[in-house]
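The values are calculated or read from the model by the stated rules, or taken from the named source; none is laboratory data. On a predicted model such as this, the values are computed, not experimentally measured, just so you know. Reconstructed Cβ throughout: ideal geometry from the backbone, glycine too, with neighbour counts over all protein chains shown. Surface accessibility is based on the protein's heavy atoms, side chains included, excluding ligands, DNA and RNA. Shrake-Rupley method; radii C 1.70, N 1.55, O 1.52, S 1.80 Å.
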Amino acid sequence: MLTIDRATHDGIVAHARRDHPDEACGVVAGAEGSDRPSRFIPMLNAARSPTFYEFDSADLLQLYKEMDANGEEPVVVYHSHTATEAYPSRTDIAYASEPNAHYVLVSTRSDVPEFRSFRIVDGEVTEEPVTVVDSYA
C-alpha cells in the first residue's frame with residue numbers, strides 16, 4: 001500500500017496537468033528503508049513526448065547523487081499517461097528498475113485525473129491501494 005501526503009499527491013497531479021499533452025515524470029524520495037515519500041522532485045521528460053517518458057540522464061545522475069548524500073532512495077517513481085488509462089505499458093514495465101519503489105501513474109485523458117500505484121518487480125505488475133493523508137502523524 002502507498003501512503004502519500006496530500007501536498008505530494010496534488011503536486012504530482014499538477015505536474016501531470018501542466019506538462020499535458022506530453023507525459024510528465026518525476027521521483028518522490030524518502031529516507032532509505034522508510035517507504036515514506038517525502039521529497040517531491042518533478043523532472044523533465046527528455047523525450048518531450050505524449051506517449052513516452054525518459055529521464056534526462058545527467059539530471060537522473062545528479063538526483064541519485066543527492067539522494068545518496070541525503071540517505072534517501074526513490075520511494076515513488078511517477079509519470080503520466082495523456083490518452084490512456086493509468087496502467088503500466090509494456091515499455092513502463094520493461095524500464096521499471098527500482099524493485100522497492102511504488103510506480104505511480106496519473107492519467108490526464110479527462111478532467112478528472114486517474115491516480116494509481118503499482119509495484120513492478122521482475123516484469124510482474126501488482127496494483128496497490130493508495131491512501132492520501134493530510135500529513136504523516
Ignoring any ligand, DNA or RNA, what whole percent of the accessible area of the chain comes from carbon and sulfur when the probe is 1.4 angstrom?
49
Working note, the range 47-107: Cα radius of gyration (Å, one decimal) and Dmax (Å, whole number) are 12.6, 37
Out of the DSSP beta bridges found with both residues in the chain, what percent are antiparallel (nearest 5)?
70
Which parts of the range 107-131 would a label at Met1 reach, counting a residue when its backbone N lies under 13 Å from a point 7 Å out along Cα-to-Cβ?
128-131
So how far, in whole Å, is the C-alpha centre of the range 79-93 from the one of the range 22-46?
17
Got a sec to turn the phi values of the range 86-97 into Karplus ³J(HN,Hα) couplings, 6.51 cos²θ - 1.76 cosθ + 1.60 with θ = phi - 60°, whole Hz, x for Gly and Pro?
7, 9, x, 7, 4, 5, 4, 5, 5, 8, 5, 10
